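Derivation of every value follows stated rules applied to the coordinates shown; laboratory data play no part. All values reported here derive from a predicted model rather than from experimental measurement. Every residue, glycine as well, gets a Cβ built from its backbone with ideal geometry; the counts of neighbours run over all protein chains shown.
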Amino acid sequence: MDFDSEASVAKGFQQNNDLEANSLSGGSGHGSATTSSSNNAQAGVKNIEAVVMTWTEWGLIAAYLSIFLMAFTVSLEQQTVLSLSVFATSSFKQHSLISTVYVVQGVVNAVIKPPMAKIANVFGRLEAFSFSIFLYVIGYIQMATSSSVQTYAAAQIFYSAGSTGLQIIQQIFIADTSDPLNRALWSSLPDIPFLITVWCGSIIGNDIINTTTWRWGYGMWCIVLPVMFLPLSSALFWNNRKAKKLGLTAPSPWRRIGVVQILKSLWFELDIGGIILLSAAFSLILIPCTIASKAANGWQSGDIIAMLVIGFVCLFLYPLWESNKKLAPGSLTPLRLFKSRTFCAGCALGFFYFVVFYLSVQPYFYSYLLVVQNESITAAGHVTQVFSFSSTVASIVISLVIKYTKICKPFICLDSIIYIVGIGLMIRYRTQGVSVSQLVGTQICLGIGGGMLNVPAQLGVQASTDHQNVAVATAVYLMSVEIGGSIGSAISGAVWGKNIPTKLTEYLPAASKQNATTIYNSIDNALAYPVGTPERAAIDRAYQETMRILLIIAIYVAVPLIPLSLLMKNYKLDSWSRVSKVESLVAEWSREEKFRS
């Protein structure tokens, strides 16, 4: 998935944190989040409610500044390393497997969101933040020291889990300390750094490649990110301690119980069985699509067939597992939600939106710019990030518009059309020799459509269910988006892997045909041929024609966005907000009464 887009999508947890139908409350005097602080609330939920009661105004300001600092660091990191994956996979002579890396990221991003929110509720916000940072660092250490594309791809599991967890918990913290009316705007705080880092990240990435190695480009964040996390962790730690001294925190649910009981509780609380089935299903179905061209017998390979069979079996077993209350009492995807037409249409919108994104902008557009358009690393990075910049601006603008109009369906319909027009423009201006301004213009149009489509679609999904199930509905929506990205990456990888080698063999001069595989596997080898030589012309043509095929597939996949947008109900969001406000006031009164007593 495009990391920036994923950061925008992550704000889905802004309306409610508790996946077990418990909402959280904000601090008195600082705005309050929706709450139902029942006796059944998990320890992490009770503790954050107690911590929020201890926030001072300046303490809360410091916490939000810390959130912004960490968001800026994560944003800069993502923009910097975005161009490194091309060179990392090329160093292993496996450039084409970049789509496999994105598939792994997408699958992890899809299934990790609800469990990370669960971890925050079970153990606490500070613990969840720290765990996410730990996974982040482990992933980067493994990437920096990887010796093969397999270990590099495996590192994405830790990196994606940490990155997604961090984004989700940032949104949960914002929901803990903000009121429903303004939460959509506050939840955009982690997105704001993209407006700056989108331009400087590629410059830093270019300097890293020119002065050192891609390995240091990953390794340096193992130091930077934990340091930037210290202000927020310190604020949470001291307020946790203050709340504990006042006797407001809940006792640990893990005291005086055995290891076996703890593991059993976590198994059901986090629905680990469902996570394993869903992860295995999409991994074993999608990854073969990106590696089949490299298998000894292609799609007839025994390994490929076995992976696909096991994947489809896991996919079949997943809904059976989730519908069984004994096996999955805290299911990741409650099947009752799928009775809502608006919910299903909204999730499908998110799904197709990201399938199209990973067929057009990611993962091969950057390679296309380097080779066919002969752009520098910095220039190619800037062009690819125009989408992130324009989509971030568009999402903020549409959030303001929705705040005052209190409706979302008309924007979904309009933005679906804009998004499709953007893909059409990419096809029109995806030829060798077009100007940079034309390329940038297509990305602006596509970014506006994508940024303005995601926010109202997400709100429509949230409004389609009762307030207790908002977070569950949001989690399923986010999973649909990520799975769409994984499928888009898999299709891209399959198309790229089938067409590039064939076209290189067809177009390269006779004396260079034996180099087709080497050129296909490494973008450095492709760039080694000077512009104007017959070899470079053949490489450019192969890239050009393959990119056009991907875009034609993308525009066909984008067509369902329009009828799906029409299927959604035009909810009045102000009535939904009023319900949240009443619950918030009741919760705040209950907290004050408890504090006084």
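Tabulated results
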quantity: Computed label-point distance, nm, for sites GLU545 and LEU315 using a 7 Å Cα→Cβ extension; calculated: 3.1 nm
quantity: Long-range amide H partners of TYR529 with built H, under 5 Å; calculated: none
quantity: Pair SER435, ILE262: separation of 7 Å Cα→Cβ label points (nm); calculated: 6.5 nm
quantity: ARG341-GLN150 FRET efficiency (beta carbon distance; Förster radius 41 Å; 0.05 resolution); calculated: 0.45
quantity: Cβ charges +1 (Lys, Arg) and -1 (Asp, Glu), total dipole of the range 293-438, debye; calculated: 660 debye
quantity: The range 478-576 shape via C-alpha gyration tensor axes, a/c threshold 1.5; calculated: prolate
quantity: Pairwise label distance in nanometres, CYS222 with PHE68, each label 7 Å out on the Cα-Cβ vector; calculated: 3.2 nm
quantity: Neighbour-count order for LYS503, LYS245, fewest beta carbons within 10 angstrom listed first; calculated: LYS245, LYS503
quantity: Modelled FRET efficiency - R0 45 Å, ALA306 with THR212, Cβ distances, 0.05 increments; calculated: 0.65
quantity: Ranked list, fewest to most other Cβ atoms within 10 Å of each Cβ, for PHE389, PHE354; calculated: PHE389, PHE354
quantity: Burial ordering of THR474, THR533, fewest other beta-carbon atoms within 10 Å first; calculated: THR533, THR474
quantity: Test item: Cα-centred dipole of the range 338-596, Lys/Arg +1 and Asp/Glu -1 on Cβ, debye; calculated: 580 debye
quantity: Shape call, the range 307-445: gyration tensor on alpha carbons, a/c limit 1.5; calculated: oblate
quantity: Residues LYS325 and LYS572, FRET efficiency given R0 of 30 Å [Cβ-Cβ distance, rounded to 0.05]; calculated: 0.30
